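Only one structure is covered here, and it is reproduced in the block below.
What follows is calculated from the coordinates using simple rules that are stated; it is not laboratory data. In this text the structure is predicted, and so the values were computed from the model without any measurement. Ideal geometry is used to build each Cβ from the backbone, glycine not excepted, and the neighbour counts take in all protein chains shown.
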Amino acid sequence: MDKNNFSQHINQNRITINDPFWSKYIELVRDEVIPYQYEALNDRIDGAAKSYCINNFVKAGKIAKDISNGIIPPVYPEDKWEYTDDNCDKNSFHGWVFQDSDIYKWIEAVGFSLIHNPDNELEEKADQCIDLICNAQLENGYLDTLYIINDTSKIFTNLKDKHELYCFGHMAEAAVSYYNATGKRKFLDSTCKFADLICNTFNDNNIKGYPGHEIAEMALVKLYKATGKKRYLDTADFFIRQRGSKPYYFDMERGYDRKDDSLDYFYNQAHVEPVNQDEAVGHAVRGVYLYSGMADVARELVNEKLFDACEKIWDNIENKKLYVTGGIGATVDGEAFSFNYDLPNDLAYSETCASIGLIFFARRMLEIEPNRKYADVMERALYNCVLSGMAEDGKSFFYVNPLEVLPEASHKDSRKRHIKTVRQKWFGCACCPPNLARLICSIGEYSFTENDNTVFSHLFVGGRISTRHGEITVNSSYLDNGNVSFSIKPNESFSFAIRIPKWCRNFSISKDYELIDGYAYIKIDSECDIDVCFEIKPRIVCCSNLVRANIGKACVMRGPVVYCAEEIDNGKNLQLLRLSHEKELDYDGEFIIANGFKEKINEDLYYDFDGKTKEKECQIKLIPYCKWGNRGENEMTVYLNLR
Ligand code: FUB
Ligand code: ZN
């Protein structure tokens, strides 16, 4: 860990995005997703699962007022994951235990969006939500509607399952985003009040607990950076040091009876202390949120050992647990990482949020060590698994992102019930859509980092960036033809480092450069233009033969984009297609046309092989994976048999 290598992402406020690919997504989020999600939070979408989120804040606001007036509220002692109209009192908390996080993610996305596009009406709506949130806050700073509505005596008694610190984490991320966008302090101040309560509650002399679902760690670091209050960083560090230490906190949580609970410490990444972890295990979203927090703390406190653990975990994900689409979390069982090289295509979980969390982890690793391996994964996840999470019209979403879909199997085989064949309007457990919105609106923050000597260009998103060292304008047609040009107006000499993606075999740069760890470093002394051309053409990509699901198969990629075959273009029974590696692959600006063969159907269940496969030549039409499922329910596969 070399402090000289540390860099920092460039805040959204200093970035204007103008990019043929990303601007459309940002507009989609602004025009469709954000308004749609607001309706969802208010339970106003016909046929969609109910959120109850806003309603919970309204209920909690009344109770908080009663409490401050000395009125003792009723208690609803149910203990559930999901509270529905059917299983609880109508006045009690409704929805999943972490339902509060949805409004926070929405506000965070609104904050990022307002920076690109000021919008008084939207800001007013967000202010109203913030008023609602602040009204629900107890005088001591506590804020989680589940416990405020149902039973304040149970606050912080079930950290393992009940997500109070998770909701706090999203609150903090939202508060910083909204403050950066508007300069308004109300939400930030109320978040700090809750953060202070958390710092006072959890420390060496008080409760030695830690979040069951991580995120508070990285959120506290963000809050520390926004406010300068060191105690937030210390509490993030405290949570990481406590996790996995013995005796296990979750065994003896305050007053919580776990007699019948079979505790799986791997699920919560609490099996050993993070500093001694070397493999990505357990619930995938929790994992990558923890690893992001670990990287943040390692960097802020220059903790070499913690960074070593992050590197080991990173290598394990990158080389043994990552789908070609940038998806992680191979099993539905615990929404979790599976064992090494276990990457089934048709059973994949690959949650949208998990890939988003992987991007968080990747950027933090990049900020410590500028090595292209992190940005390569960031880009892989972004262009594939993450974007697959949203329909082209921004109105429906995938939570799970499989690499192979057979609708009949999803409908008839309960092992594949999690594999949805079409995007859903909304989810009761709606973690993914708002996560997508906040990531897309802040895409600029993943594109560049800078330090005292260098500006790093990681993703090639077009726009204007104001760095410490000068103004940079990026013109990008990266995905179209691999061309990216930078116009640089420096205010001092500095080094400009451009990532050369590993997928790119040939590239040209119009200036002299030195290649280090996958970055081309260029000395900038005066105003200049740099033209970069990455050769981007379709290619056939194979997978390690330790991944049993992909033996004899391959997929097609172009640049960072993974392609897939859909039934609508190739007919039923995609398993019969065979990709020919000898013929050229054509790209027509949207689809890739591959040459191959289609086996004839053989209805004999068993037969003696005569050495011949009956097949006929065919063209295989491939669409970017992130766009699959936009033309109705149908079969889809990323991997094809290789001929
Ligand atoms: O527990 C909160 C969120 O719900 C997780 O991050 C998702 O995986 C889903 O389980
Ligand atoms: Zn999710």
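Summary table
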quantity: Interatomic Cα distance distribution for segment 485-623, bins of 5 angstrom, percent; calculated: 2, 8, 14, 14, 14, 11, 9, 8, 7, 5, 4, 2, 1, 1, 0, 0
quantity: Projected label distance in nm at GLU535 and GLN575, using a 7 Å step from Cα toward the beta-carbon; calculated: 3.8
quantity: Cα-based reach from LYS600 at 20 Å (exclusive), listing lysines while leaving out same-chain residues under 8 positions away; calculated: LYS553, LYS572, LYS612, LYS614, LYS616, LYS621
quantity: Peptide ranges 130-138, 206-214, 595-603 listed from the most packed, as the mean C-beta count within 10 angstrom indicates; calculated: 206-214, 130-138, 595-603
quantity: Estimated distance in nm for a label pair at ILE601 and ASN205, the labels positioned 7 Å out from Cα along Cα-to-Cβ; calculated: 7.5
quantity: Anchor LYS511: lysines whose Cα lies under 16 Å away (excluding residues fewer than 8 positions away in-chain); calculated: LYS489, LYS523
quantity: Footprinting exposure proxy for SER477, SER51, SER92 (fewest neighbouring C-beta atoms within 10 Å first); calculated: SER477, SER92, SER51
quantity: Against the rule of thumb 2.2 N^0.38 Å, how large the Cα Rg of segment 432-472 comes out; calculated: 1.34
quantity: Linear extension gain, ASP512 paired with ASP413, 0.36 nm per residue minus alpha-carbon span; calculated: 29.9 nm
quantity: Segment 579-643 shape via C-alpha gyration tensor axes, a/c threshold 1.5; calculated: oblate
quantity: Principal-axis tilt of helix 304-320 within the chain, Cα atoms, nearest 10 degrees; calculated: 40
quantity: Segment CYS528-PHE609, extension gain: residue separation times 0.36 nm, minus the distance between their alpha carbons; calculated: 22.6 nm
quantity: For CYS542, CYS564, CYS310, order by how many other beta-carbon atoms lie within 10 Å, fewest first; calculated: CYS542, CYS564, CYS310
quantity: Loop-resident sites, segment 54-112, for chymotrypsin sites (Phe, Trp or Tyr not before Pro), counting at most 14 other Cβ within 10 Å (DSSP); calculated: TRP81
quantity: Karplus 3J(HN,Hα) series, Hz, for segment 6-13 with 6.51 cos²θ - 1.76 cosθ + 1.60 (x for Gly, Pro); calculated: 4, 9, 9, 5, 9, 5, 3, 4
quantity: Principal axis dimensions, largest first and in whole angstrom, of segment 420-535 by Cα; calculated: 54, 31, 24
quantity: Cα-based helix-to-principal-axis angle, 432-441 vs the chain, degrees rounded to 10; calculated: 80
quantity: Stokes-Einstein D for segment 1-108, Kirkwood Rh over Cα pairs, 25 °C, 0.890 mPa s (µm²/s); calculated: 140
quantity: The chain: Rg to Rh, with Rh as the Kirkwood radius over Cα pairs; calculated: 0.97
quantity: Straight-distance crosslink candidates among lysines, where the alpha carbon sits under 21 Å from LYS24 and sequence neighbours closer than 8 are dropped; calculated: LYS105, LYS395, LYS425, LYS627
quantity: From the C-alpha gyration tensor of segment 85-159, square roots of 5λ in Å; calculated: 28, 14, 11
quantity: Under-5 Å amide H pairs with ALA497, H placed in peptide plane, nonlocal only; calculated: VAL455, PHE456, SER457, ILE522
quantity: FRET efficiency, 1/(1 + (r/R0)^6) with R0 60 Å, evaluated for GLU273 and SER23 via beta carbons; calculated: 0.85
quantity: Segment 123-238, Cα convex hull volume normalised per residue, Å³; calculated: 95
quantity: Percent of beta bridges antiparallel (DSSP, the chain, rounded to nearest 5); calculated: 90
quantity: Label-point separation in nm, ASN11 to GLU82, each point 7 Å along Cα→Cβ; calculated: 3.9
quantity: For SER51, residues with placed amide H under 5 Å, excluding near neighbours; calculated: ASP43
quantity: Full-stretch length increase - SER68, LYS186 - with 0.36 nm per residue and alpha-carbon distance subtracted; calculated: 40.5 nm
quantity: Phi-based couplings in Hz for segment 110-117 (Karplus 6.51, -1.76, 1.60; Gly and Pro marked x); calculated: 4, x, 4, 5, 4, 5, 6, 8
quantity: Degrees separating the helix 186-201 axis from the principal Cα axis of the chain, which is the longest one; calculated: 80
quantity: Per-residue HN-Hα couplings for segment 322-339 [Karplus 6.51, -1.76, 1.60; θ = phi - 60°; Hz; x = Gly/Pro]; calculated: 10, 6, 4, 7, x, x, 9, x, 7, 10, 5, 5, x, 6, 10, 5, 9, 6
quantity: Loop GluC sites (Glu not before Pro), segment 522-576, which have at most 11 other Cβ atoms in a 10 Å radius of their Cβ (DSSP); calculated: GLU527
quantity: Residue order, fewest to most surrounding Cβ atoms within 10 angstrom, among MET1, MET171; calculated: MET1, MET171
